[in-house]
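First up is the structure itself, then whatever we jot down about it.
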Amino acid sequence: QWDLVCDRKWMSRLNQAIFMMGVMSGAVVFGNLADRFGRRKIFIVCMVGECLSGIVNAFLPNYGAWLFFRFLVGFTSNGTISHFIIRSAHSTVMEIVGATRRTICGIFVQMWFAGGIMLLSLLAYFIRDWQMLQLAMTLPSVIVIGYWWFLPESPRWLLAQGQNEEAAELVSKYAEKNGVQLEPGFISESIELHGPKATKSEDQHSHRSYSLLDLVRTPNLRKRTLNVCFNWFVNSLVYYGLSLNTSNLGGDDYINSFISGAVELPAYVVTVILMERIGRQKTLSGSMVVGGIGCFCTVAVPLSRKDLIPVRTTLAMLGKFGISISFSVIYNYTAELYPTVIRSVAVGVGSMSARVAGIIAPFAIMIGDLWSPLPLLIFGVMSLVAGALALLLPDTMGKPLMQTIEEAEQLGK
């Protein structure tokens with residue numbers, strides 16, 4: 001419609017970059033708001049914003065206005081297809097379930113990413129008009145707005161805010177629905193154990209607000225945050241780079257895109273097994289290495305050999321398989337590496353780092369116009385470096401979620 005081909009091809013890449021700028025901005029804004037006002041409220045606000053922006057985006061007459069609302073879709077959705085609502089729901093899920101169920105519940109939330117990629121590939125194949133496709137992607141969001149009447153607030157967030165009665169009411173409701181008989185005094189003991197303790201610090205006694213600075217205020221958390229952010233950056237760069245590079249593998253674009261999503265489903269199953277068997281740290285590091293090796297192997301297969309297109313695609317999907325595992329791990333892992341009072345902020349900053357990479361990824365693919373193997377070589381090297389650095393992070397397997405910054409600072413010492 002706007003002739004985004006040939007010498008204007010970069011404008012189609014700009015669209016993806018603008019979207020990711022919106023997601024990056026939303027990661028900071030809504031991550032902080034979720035810690036201040038609760039997961040549930042921000043979840044619904046983002047869903048409404050994503051739905052309205054997406055519908056408007058389908059009817060805009062010019063490219064400039066379309067880009068602006070594309071930014072708003074990324075800013076408000078920062079989750080339905082790109083991470084905040086998934087992240088907000090993810091934080092809620094991680095904070096509701098116990099340590100033995102955190103892995104499988106957290107990964108289950110992310111499995112819908114793969115389903116979305118596969119469904120989008122099918123929709124794009126059958127709906128060739130972009131405006132109708134935009135509506136087909138957006139309108140289902142209306143259903144999720146109904147979560148307002150069903151989605152509970154995170155009891156851990158309530159405890160962190162000193163809202164003990166509301167947290168106790170939720171815990172009692174969960175126990176009743178699961179047919180569990182709580183022992184007398186269980187809730188009051190849990191509040192005393194997990195709630196904010198006045199004796200721990202003057203900050204908690206005053207119930208002060210927490211901010212981005214708390215991620216780097218203490219030495220141990222500072223090093224952890226830098227490492228986590230770099231891993232988020234590399235995961236996003238390689239994940240989106242490989243996803244956007246499917247059209248350069250040869251073969252049918254729609255089939256390649258569908259396979260790119262389908263390969264994530266077994267990756268998530270493997271993630272659950274590995275995280276419970278060998279822990280978060282080794283799973284993250286090993287999967288990053290697998291992703292890097294997949295990128296290097298793909299480069300070794302010449303694109304000029306049409307008979308080797310299936311081999312090239314398979315090797316690229318091996319890289320996508322590895323990076324899908326690491327990307328799913330980093331969500332759970334980050335949530336477990338930080339305490340409740342800054343958990344959403346931490347995941348938000350990690351997500352912001354990932355969005356910076358998402359902005360770069362479309363243009364990183366364009367480097368292939370200079371030398372076709374270069375993007376995959378960059379992805380491979382960065383995956384190996386990030387995998388090595390992940391070994392410096394403390395493992396959190398089987399450990400209870402932390403409530404205070406003091407606990408987080410001591411982790412791994």
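Counting only residues that are out of contact with any Gly (no Cβ under 6 Å at 6 or more places or on another chain) and modelled with pLDDT of 80 or more, the stretch 1-23 holds 6 of them. More than 16 Å from Gly241 (Cβ to Cβ) and basic (Lys, Arg), is that true of Arg312? Against the criterion (more than 16 Å from Gly241 (Cβ to Cβ) and basic (Lys, Arg)), Arg312 does not qualify. For the stretch 321-352, the set of residues classified as within 22 Å of Ala17 (Cα to Cα), modelled with pLDDT of 90 or more and of a type outside the set (A, V, I, L, M, F, W, C) consists of Ser324 only.
Could you list, in sequence order, all residues of the stretch 369-413 that are acidic (Asp, Glu) and outside any helix (DSSP H, G or I)?
Step one: list which residues in the stretch 369-413 are acidic (Asp, Glu), which gives 369, 395, 406-407, 409.
Listed by number, the list holds a single entry, Asp395.
Being of a type in the set (Phe, Trp, Tyr), more than 23 Å from Val341 (Cβ to Cβ) and surrounded by 18 or more Cβ atoms within 10 Å (Cβ to Cβ) is true for just one of Phe363, Phe379. Which residue is that?
Numbers: Phe363 fails: surrounded by 18 or more Cβ atoms within 10 Å (Cβ to Cβ).
Just one listed residue meets the conditions, Phe379.
Return the residues of the stretch 382-413 that are surrounded by fewer than 18 Cβ atoms within 10 Å (Cβ to Cβ) and over 23 Å from the mean Cα position of the chain (by Cα); say none if nothing qualifies. Scanning the stretch 382-413 gives Glu406, Glu407, Gln410, Gly412, Lys413. Of all the listed residues (Gly358, Gly348), the sole one being farther than 18 Å from Thr246 by Cα, in contact with a helix residue (DSSP H, G or I) (Cβ under 6 Å, 6 or more places away or on another chain) and buried (at least 16 other Cβ atoms within 10 Å of the Cβ) is Gly348. Please name all residue pairs, on different chains or six or more residues apart, with Cβ atoms under 9 Å, provided the first residue is in the stretch 156-177 and is buried (at least 16 other Cβ atoms within 10 Å of the Cβ) and the second residue is assigned to a helix (DSSP H, G or I) and of a type in the set (Phe, Trp, Tyr). Taking only residues 6 or more apart or on different chains, the pairs are Gln163/Trp157; Ala167/Trp157; Val171/Phe186.
Residues in the stretch 264-323 that are of a type in the set (Val, Ile, Thr) and closer than 15 Å to Ile104 by Cβ: Val269, Val270, Thr271, Val272, Ile273, Thr283.
The values are calculated or read from the model by the stated rules, or taken from the named source; none is laboratory data. From a predicted model like this one, the values you see are computed outputs, not experimental measurements. Note: ideal-geometry Cβ built from the backbone for every residue, glycine included; neighbour counts use all protein chains shown.
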